[in-house]
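See below for the structure under consideration.
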Amino acid sequence: MLKLGIIGAGPAGIIASLEAKKLGADVLLFDSNEVVGRKLLVTGSGRCNLTNTRAVSEKYHASPISVVESVLSQFSHDDLIHYLHEMGILTHATSDGWVYPLSYSAANVANIFNAHLNDRGIERYLSHKAQHILPQKQGFLIQFSTGQPTVFVHKLLIASGGKAYPSLGSDGSMFTALRGLGHEIIPVQPALAPLVVPEKAVKSIQGVRTDAGIRLFENAKLLGESFGNIIFTKGGINGPGVMDISYLVSQYQKPCLKINFISGHEPALKEIFQRFAKSSMPLQSSLGAVVPTKIAAFALKSSGLRTDVAMSDLCHKDLGRIMECLSAFTLEVKGVRGFEYCQLSTGGIALNDIDPRSLESRVQPDLYFAGEILDVIGPCGGFNLQWAFSSGAVAGRWAAQSGIA
Ligand SMILES: Cc1cc2nc3c(=O)[nH]c(=O)nc-3n(C[C@H](O)[C@H](O)[C@H](O)COP(=O)(O)OP(=O)(O)OC[C@H]3O[C@@H](n4cnc5c(N)ncnc54)[C@H](O)[C@@H]3O)c2cc1C
């Protein structure tokens, strides 16, 4: 019987195990943690944003993108929803497409996965940290840095994640062994991370949470853009709106942000300016119809206007300055927070070394990959768990069904 070793019991490794076992493989699932799905437990702030109704290949950054296209054509968003429902995990989609378990409980999702691993008799080797992989004539030897005896498997699937949030187990420890086997490792950097900005520049708006349009520039060159919720913190900005473009920041020397606090509301605000041009209404109140009070006060101050200035006291130029400040608030970006604070890492196993259909290595036969260890990233909103589940299912099936050579 084919012995398939799977390193990493995160979402990718769990689903790979279940699918491979279904096809008759003898699955050995290894993880350095004491429990299965440690990171899954903290996803979506413990609510587990499982997938997104818009999870199609165009939403991902990967090169070549054909790898993502191939994986999603074999195990799509709809396939995942069906799979989860079959397992007893009911789901609910928010109006913006973010899909959660109906229980809103990541712990419940992990418990259900564990029950299925038990029922299928999948052997779990927890507290086993893989260190070396030694290719044999017809398989691999796995050596552990945690002192357990070496294990032989015919095929190996690596689902050991990236380097995000290393305290949860994914610390990039497999990359050295994989480089030793001839795999190119694209430099691993924090992604889906909060941005660091000059503390003074955002001090007065600390604590503000709002939706905004975000554009990242270097000099005049647009590097990326997104729209979403952002939160001003002490010397930083958090939230999906900035996290989605954070993977770009470490690639540039002097990036800067332009934040549009009135994205989609410019015409409405201009109409209010016109309608109340002769009114005693304070400008701050007019702005408050569209942006949080602290942002309105901040815009007045930055534009050199008194906080109690009335609409009737304003000239055309004043309103122009206010519009500019609200629609293109410019901030220097000093960097991204480190791996300890990010939800994902970019980089990892180069996709050119991978067969897009099966996710088998082109460098080392009988070696497969799934999940975040591959150089694929999606935005916030469930896209990355979808990738982990889809690639895990695909790699698990191909690894099991291709049998022993
Ligand atoms: C705080 C946080 C919140 C998140 N929320 C969401 C969300 O709501 N929705 C979403 O789509 N995505 C979310 N993500 C991202 C998501 O968790 C990852 O995309 C996903 O977990 C990747 O799955 P994976 O199976 O590839 O890797 P992981 O989940 O990282 O699992 C890899 C496993 O491999 C093990 N391992 C690593 N090295 C070794 C080794 N040498 N030997 C043995 N075992 C090893 C690790 O212990 C780990 O258990 C979040 C991430 C974080 C950090």
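Per-structure values
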item: Residue in the stretch 127-149 that is more than 11 Å from the ligand (Cβ to nearest atom), buried (at least 17 other Cβ atoms within 10 Å of the Cβ) and among the small types (Gly, Ala, Ser) present; result: yes
item: Those residues of the stretch 319-362 which are under 20 Å from residue 292 (Cα atoms) and out of contact with any strand residue (DSSP E or B) (no Cβ under 8 Å at 6 or more places or on another chain), in sequence order; result: 319, 320, 321, 322, 323, 324, 325
item: Unique match (being among the aromatic types (Phe, Trp, Tyr), open to solvent by 20 Å² or more (accessible area, probe 1.4 Å) and more than 8 Å from the ligand (Cβ to nearest atom)) among 341, 368; result: 341
item: From the options 201, 212, residue that is open to solvent by less than 20 Å² (accessible area, probe 1.4 Å), among the small types (Gly, Ala, Ser) and outside the structural domain of residue 380 (by TED's automatic domain parsing); result: 212
item: Conditions (1) open to solvent by less than 10 Å² (accessible area, probe 1.4 Å); (2) over 21 Å from residue 101 (Cα atoms); (3) within 20 Å of the chain's Cα centre (by Cα): number failed by residue 20; result: (3)
item: Near pairs, Cβ below 6 angstrom, 6+ apart or cross-chain, from the stretch 22-49 (outside the structural domain of residue 77 (by TED's automatic domain parsing)) to any residue that is near the ligand (Cβ under 6 Å from one of its atoms) and basic (Lys, Arg); result: none
item: Sole exception among (1) in a loop (DSSP other than H, G, I, E, B); (2) within 11 Å of the ligand (Cβ to nearest atom); (3) of a type in the set (A, V, I, L, M) for residue 1, by number; result: (2)
item: Residue in the stretch 10-17 that is surrounded by fewer than 24 Cβ atoms within 10 Å (Cβ to Cβ), out of contact with any Cys (no Cβ under 6 Å at 6 or more places or on another chain) and either of a type outside the set (Lys, Arg) or closer than 14 Å to residue 113 by Cα (or both) present; result: no
item: Matching residues in the stretch 273-310 - criterion: being part of a helix (DSSP H, G or I), buried (at least 17 other Cβ atoms within 10 Å of the Cβ) and free of Cβ contacts under 8 Å to residues at least 24 places away in the same chain; result: 296, 300
item: Every residue from the stretch 226-272 that is within 24 Å of residue 323 (Cβ to Cβ) and exposed (fewer than 15 other Cβ atoms within 10 Å of the Cβ); result: 264, 266, 267, 268, 270, 271
item: Selected residue [away from the ligand (no atom under 14 Å from the Cβ), surrounded by fewer than 16 Cβ atoms within 10 Å (Cβ to Cβ) and either under 15 Å from the mean Cα position of the chain (by Cα) or within 19 Å of residue 379 (Cβ to Cβ) (or both)] from 73, 57, 45, 63; result: 63
item: Candidates 72, 90, filtered to the one that is assigned by TED's automatic domain parsing to the domain that holds residue 357 and touching a Ser or Thr at 6+ places or on another chain (Cβ under 7 Å); result: 72
item: Selection from the stretch 171-220 of residues that are assigned to a strand (DSSP E or B) and basic (Lys, Arg); result: 209, 215
item: Residue tally, condition farther than 12 Å from residue 126 by Cβ and under 18 Å from the mean Cα position of the chain (by Cα), over the stretch 23-42; result: 4
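The values are calculated or read from the model by the stated rules, or taken from the named source; none is laboratory data. Fair warning: this is a prediction, and the values are worked out from it, not measured in the lab. When we count neighbours, we look across all protein chains shown, and the Cβ atoms used for this are built from the backbone with ideal geometry, even at glycine. For accessibility, only protein heavy atoms count, side chains too; no ligands or nucleic acids. Shrake-Rupley method; radii C 1.70, N 1.55, O 1.52, S 1.80 Å.
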